[in-house]
Number of protein chains: 2
Amino acid sequence: MERFSATYLIETPLDIAAAAESLAGEQSSGTFVSVPGETAALKERFAARVESIREIEECSSPSLPGCSANANSYRRAEVVVSWSLENVGYNLPTIVSTVQGNLYEMRQFSGLKLVDLEFPPTFSSHFNGPNFGIEGSRRLTGIQDRPLLGTIIKPSVGMSPQETAELVRTLAEAGVDFIKDDELMADAPHSPFNERVAEVMRVINDHADRSGKKIMFAFNLSDEMDRMLDHYDTVISHGGTCAMVSLNSVGIAGVKKICDRGKLAIHGHRNGWGMLNRHPLLGIDFKAYQKLWRLVGVDQIHVNGLQNKFCESDDSVIRSIKACQEPMFGGWEILPVVSSGQWGGQAPETYRQTQSIDLLYLAGGGILAHPDGPSEGVKALQQAWEAAVAGLSLEEAIVESPALLRSTEKFSKHLCTGLDQTPTSQGALVQ
Amino acid sequence: MERFSATYLIETPLDIAAAAESLAGEQSSGTFVSVPGETAALKERFAARVESIREIEECSSPSLPGCSANANSYRRAEVVVSWSLENVGYNLPTIVSTVQGNLYEMRQFSGLKLVDLEFPPTFSSHFNGPNFGIEGSRRLTGIQDRPLLGTIIKPSVGMSPQETAELVRTLAEAGVDFIKDDELMADAPHSPFNERVAEVMRVINDHADRSGKKIMFAFNLSDEMDRMLDHYDTVISHGGTCAMVSLNSVGIAGVKKICDRGKLAIHGHRNGWGMLNRHPLLGIDFKAYQKLWRLVGVDQIHVNGLQNKFCESDDSVIRSIKACQEPMFGGWEILPVVSSGQWGGQAPETYRQTQSIDLLYLAGGGILAHPDGPSEGVKALQQAWEAAVAGLSLEEAIVESPALLRSTEKFSKHLCTGLDQTPTSQGALVQ
């Protein structure tokens, strides 16, 4: 029988091999000994298996409480554990319970992070994977030779459908490829979903008729199941191409049901992510996380951006972008959504480190708050990416692009390099 | 317009009031200043509001990385923030995105935990809450004057539907009120859901016909949406009364769709919980967590038990039990599921600290591995609870109950008091 496996970073005061075995036991058939009639053959068939242990380092104090406080040293190791597919079948929620489940509560560990997942080839026939992904998102927007450039409707809340549509008209004329609702806006009393879709799509369809360019708008579906399905139909009936879901807030079963409809590109917002990842020895690494959402069928997923307004390091962002672009079962690439404090100034470094234009690059204030207006904001982004791909530095790029020069004058002081900036002035302005 | 509010424990190197404002800004309308045409009136209408700040203590090092490393001190405070319902409407996933969302990633905080939530009274008419809860779970099982006593099918994986049904027969004859699938078992190739339900319910229905007592079996539905709905129908068609879902793995939209069917008591398993809560300054407190699941409509929710095999302290378990029993909108109590290493020995202390019998008390090995068989295991549990309610200590209780004495001889050495016991021997045996 095929097996799937999970890689963990663990920290334990116990013998590492014993701790790894306790992990495998908790998540499979650890009780066999106490139940009469169970055989070694059955145990061999269903027990989780510790495949490898790589010791990394020791530390003198525990990373998390809840473990014995008396130990003098805690050992860190990378551990790979595998399960027979026979334990769970092709059942994603139960696979998640199997690879995570009670593990984080085990007192054998003073740190535990799920860092990667591997699934056998048959998963590629039992799951669709992203219906659109990188290639489909390009096809729907008609953008092939550069990153998709987009923006977020701001303010997050408070605008009527008509005001939103007016802003979309401005952004359309400015030349954006993609626009998204904020994750705080879904079906609010001041902006009912169906009304907003009707108003916004009228503008987008008009613009497409005139210019031949259909802007992708990610309408925030996040809601209860039936309302999401109704809203999905609304987007289709108005000729929309994309919907957004808050992955963690909606959950795997709900998001998969949406992805399975297969008619819209699904923009996955990972808000709540910090809870799952901020501690280095607790939770789940993005590498594992995005694989789960590819199995669910999500087409686009947020990764933050370089010099973002949040706590994530540039190295971590680059790793996340690369993780999204790495094939799964020989394909299934998911489009990384670069956002948070982006305005074009980060394009050269983003390209230098990824050598890729397969990105959805979002600038909020970076477009709307450009000193010479949104059109110049979009032009600045486009030219920043042209320069980046040509191998120019930001300093070289601004010589050739007056629009980017003006962006740089305004936004470079907003690059998030420390806490000396007050968050309401910089965090709010340049999302 | 009505408002809902969230209470946070925050830790920050910044001025506390400024940090609290940045939190409120990130999660509502922080960008208003940069968008032309927005008025103070609109901001007043949609901005999140810092309602109160209570400073708690200072510490010298940050609890989480990602914040400025240069500060000399970090301040902790309890902060209450409120939002107008107009921002989101009665949309649970978007409410979750609003009260959690990007907050955990903010570099303004070196610690952030959502500790409580308050919703205005109209939520009680827009949401059903638990369809069964404590009272309904009692009605379905016919148990009124003591905790519901139950057990878990072990081993977690590997048994066929027929073997499972045989074990259910043994447990039924032993006198349990409740049995549940393990969270690792849902619709596995070796135990297809529909077959397992048919086999198990035949035993339960036979037993009910003969004894008048219908055992509640929580079949693990956790799966994709359509399969969960099909399996729900299977349980109903065989006369079942309960289904289980892995809350975190399935997610809010999927679980709510299941709860909204309203015909089965929904047993909420919180596996994955440690990821959300193990760090004292990251994630969500159980008090807030169980309120969200009550809004979703879950009837029973896991809380661990005293002296459990995991890292949770007894104080935390007691707080969780009390949180479940506290009315929400004057009712909506959710049945706390006490489990993990329970065998009756913890009954006196559990009762002393909660003064409540409104529990679903689960013992795995505590019943099946009783030295004189499962019937004596159930008797030991029942007598432990009778003694507990009578105010007896464990020492006094075992004088009156030979069955409990035998449990104590076998299981008291398995009480989880430290790491000196190897997890595979104790953790596996006494779940």
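Odds and ends about this structure:
- Which of B:Trp385, B:Trp332 is most accessible, then next, and so on - probe 1.4 Å: B:Trp332, B:Trp385
- Accessible carbon and sulfur surface of the protein assembly as shown relative to its total accessible area, %, 1.4 Å: 48 percent
- Residues B:Ile236 and A:Glu409, FRET efficiency given R0 of 51 Å [Cβ-Cβ distance, rounded to 0.05]: 0.15
- Extent along principal axes [Cα atoms of region A:133-412; Å; largest to smallest]: 52, 47, 33
- Accessible-area value, B:Thr170, 1.4 Å probe, nucleic acids and ligands omitted, Å²: 60 Å²
- Where rotation carries B onto A, the chain B residue whose Cβ is nearest that axis, in whole Å: B:Gly251, 0
- Base-10 log of normalised Debye intensity for region B:222-282 (one unit scatterer per alpha-carbon) at q = 0.26 Å⁻¹: -1.07
- Taking 0.36 nm per residue of sequence separation and removing the Cα-Cα distance, the A:Lys213/A:Ala390 pair yields an extension gain of 61.2 nm.
- Length-normalised contact order for chain B - Cα pairs under 8 Å, 6+ apart - percent: 15 percent
- Neighbouring Cβ atoms from other chains, within 10 Å of the Cβ of residues in B:148-159, number 6 on average.
- Degrees separating the helix B:402-411 axis from the principal Cα axis of chain B, which is the longest one: 60 degrees
- Largest accessible area first, the residues A:Ser313, A:Ser340 order themselves as A:Ser313, A:Ser340 under a 1.4 Å probe with ligands, DNA and RNA left out.
- Burial ranking of peptide ranges A:367-376, A:84-93 (average Cβ count within 10 Å, highest at the top): A:84-93, A:367-376
- Protein-only accessible surface order, largest first, of B:Ser61, B:Ser339 at 1.4 Å: B:Ser61, B:Ser339
- Cα-centre dipole for region A:272-387 with unit charges at Cβ (Lys and Arg positive, Asp and Glu negative), debye to 20: 320 debye
- Taking label points 7 Å from Cα along the Cα-to-Cβ direction, B:Val399 and B:Asp314 give a separation of 2.1 nm.
- In a reduced charge model with +1 at each Lys and Arg Cβ and -1 at each Asp and Glu Cβ, the protein assembly as shown shows a dipole moment near 480 debye about its Cα centre.
- A probe of 1.4 angstrom, applied to the heavy atoms of all protein chains, finds A:Glu173 with accessible area near 120 square angstrom.
- DSSP finds beta bridges in region A:180-300, and of those with both partners inside it, around 10 percent are antiparallel.
- Angle between chain A longest axis and helix A:225-237 axis [Cα atoms, degrees, rounded to 10]: 40 degrees
- Within 10 Å of the Cβ of each residue in B:277-290, the mean number of Cβ atoms contributed by other protein chains is 4.
- Ellipsoid semi-axes in whole angstrom, largest first, where each is sqrt(5λ) of the Cα gyration tensor of the protein assembly as shown: 47, 27, 26
- Proximal charge balance of B:His370 [Cβ under 10 Å; K/R count +1, D/E count -1]: +1
- Region A:313-339 versus region A:69-91: alpha-carbon centroid distance in Å: 25 Å
- Looking at region B:133-412, the DSSP beta bridges with both ends there are about 10 percent antiparallel.
- Nm distances between copies for B:Ala40, ranked from closest, using label points 7 Å along Cα→Cβ: 8.2
- A 1.4 Å probe, protein heavy atoms only, puts the accessible area of A:Asp209 near 130 Å².
- Nearest-first distances (nm) between copies at A:Asp314, label 7 Å from Cα via Cβ: 5.3
- For a modelled paramagnetic label at B:Phe329, 7 Å from Cα along Cα-to-Cβ, the residues of region B:227-268 in reach, with backbone nitrogen under 16 Å, are B:256-257, B:259-262.
- Chain B, helix-only ellipticity at 222 nm - DSSP H runs n ≥ 4, -39,500 (n - 2.57), divided by all residues, nearest 500: -12000 deg cm²/dmol
- The mean of 1/r over all pairs of different alpha-carbon atoms in region A:76-137, once inverted, gives a Kirkwood hydrodynamic radius of 14.1 Å.
- Accessible area buried at the A-B interface, both sides summed, 1.4 Å probe (Å², nearest 100): 8300 Å²
- Teacher prompt: B:Asp145 distances to equivalent labels in other copies, 7 Å Cα→Cβ, nm: 8.5
- Taking N as the residue count of region A:3-126, its C-alpha radius of gyration divided by 2.2 N^0.38 Å amounts to 1.11.
- Crossing angle, helix B:374-389 versus chain B [Cα axis fit, 0-90 degrees, rounded to tens]: 60 degrees
- Relative contact order computed over region A:3-126 (Cα-Cα under 8 Å; 6+ residues apart), in percent: 45 percent
- Secondary structure note: in the protein assembly as shown, about 50% of the DSSP beta bridges are antiparallel.
- Normalising the average separation of contacting C-alpha pairs (under 8 angstrom, six or more residues apart) by the number of residues puts the relative contact order of region B:279-327 at 39 percent.
- Shape metrics for region B:290-381, restricted to C-alpha atoms - Rg then Dmax, Å: 13.9, 46
- Over 23 Å between alpha carbons, listed pairs A:Lys214/A:Lys309; A:Lys154/A:Lys291; B:Lys113/B:Lys257; A:Lys263/A:Lys291: A:Lys214/A:Lys309; A:Lys154/A:Lys291; B:Lys113/B:Lys257
- Cβ-based net charge around A:Lys180, under 14 Å, with every Lys or Arg adding one and every Asp or Glu removing one: -2
- Dimensionless Rg over Rh [region A:240-333; C-alpha; Kirkwood]: 0.96
- Counting Lys and Arg as +1 and Asp and Glu as -1 over every other residue whose Cβ lies under 14 Å from the Cβ of A:Gly254, the net charge comes to -2.
The values are calculated or read from the model by the stated rules, or taken from the named source; none is laboratory data. Since the model is a prediction, treat every value here as computed from it, not as a measurement. A quick note on method: Cβ atoms are made from the backbone with ideal geometry, for glycine too, and the neighbour counts reach across all protein chains shown. Ligands, DNA and RNA are stripped out before the accessible areas are found, and what is left, the full protein with its side chains, is counted by its heavy atoms. Shrake-Rupley method; radii C 1.70, N 1.55, O 1.52, S 1.80 Å.
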